[in-house]
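A.B. asks: Encoded as structure tokens, here's the structure I'll be asking about.
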Amino acid sequence: MTDTFLIIITVGILLIVLAIALVLLPRTLREKEQPQRVTEMDMVLSSFQTMGNELKALKEQLVVKERLAALGEISAGIAHEFRNPMSVISGYAKLLSKSFPEGDERRELVDGIQREIDGMNAVMTELLGFSRSEPIRKTSISLRSFLDEMVRSFDEKDRISIDLTGDLLCDGDATLLRQAMRNLIKNALEAGAGEVRVNARSGEVSGRRSVCITVQDNGPGLDEAELSRIFTPFYTTKADGTGIGLALVQKIVLAHGGSITVESTKGGGALFRLELPCEGS
């Protein structure tokens, strides 16, 4: 009887322990699995957020490209329409200038007309350059030699410095990228910058290997209103500017599948940042 009673008590205790285990074990397992589940969920959400940001950026780039293409067509039409009568006026001005002797006031007035025609022709050339969609011919570019050679082409080379550790390779169209970089540096110098610093480093954008090039100056800088329109074609803060230079830079960078941003404050200089994706990344 005693043995039977002990067995019953033992079985009862075991059943109670088993019941408690059955209740607590799933809860414990859920608590152990929770951090992993949260981590996986965070990774999924982060991936969707990254994808959403990339889609938003691509949409913005597409809108800009379409706008630039439309403006390019208009610019080409305007340039062609103006160039013909300008050529006629220039021809008549040259003939008229030759009919007056040296020192004649009338000849000086005619030469003034010719200079204005030459200035308008330069604007038309820029318009045609902006309207053209040249094919991208990518090659592997050594940024060290590329930037050194470009800086040497400036008369104000003593005001330009390059910060590049070692050497970096960039995939792109050397001719177009040289035009873009020259426009950025020239724009900074003409704005009154005493120093222009060019920096290049490797990086990663959306999981792709990239090269980041910055052009920073200590010029007068830009206010918020100017910043919002800085890449708008034909917008300029310079008295003799055409407003095509920075718009062309943006067009070239977008054609390479990259992006360009600017940071600036009034009186605090400006910093342009180019992100260029590398092939094979």
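FYI, it's all coordinate maths here, none of it is from the lab. Fair warning: this is a prediction, and the values are worked out from it, not measured in the lab. All Cβ positions, even for glycine, are placed from backbone atoms using ideal geometry, and neighbour counts span all protein chains on display.
A.B. asks: Per residue, how big is the convex hull of the range 139-277 when only Cα atoms are used? Give it in Å³.
C.D. replies: 108 Å³
A.B. asks: Could the peptides 259-265, 209-215, 107-113 be put in order, highest first, of the mean number of other beta-carbon atoms found within 10 Å of their residues?
C.D. replies: Details: 259-265: 16.6, 209-215: 20.1, 107-113: 14.6.
Going from most to least packed, we get 209-215, 259-265, 107-113.
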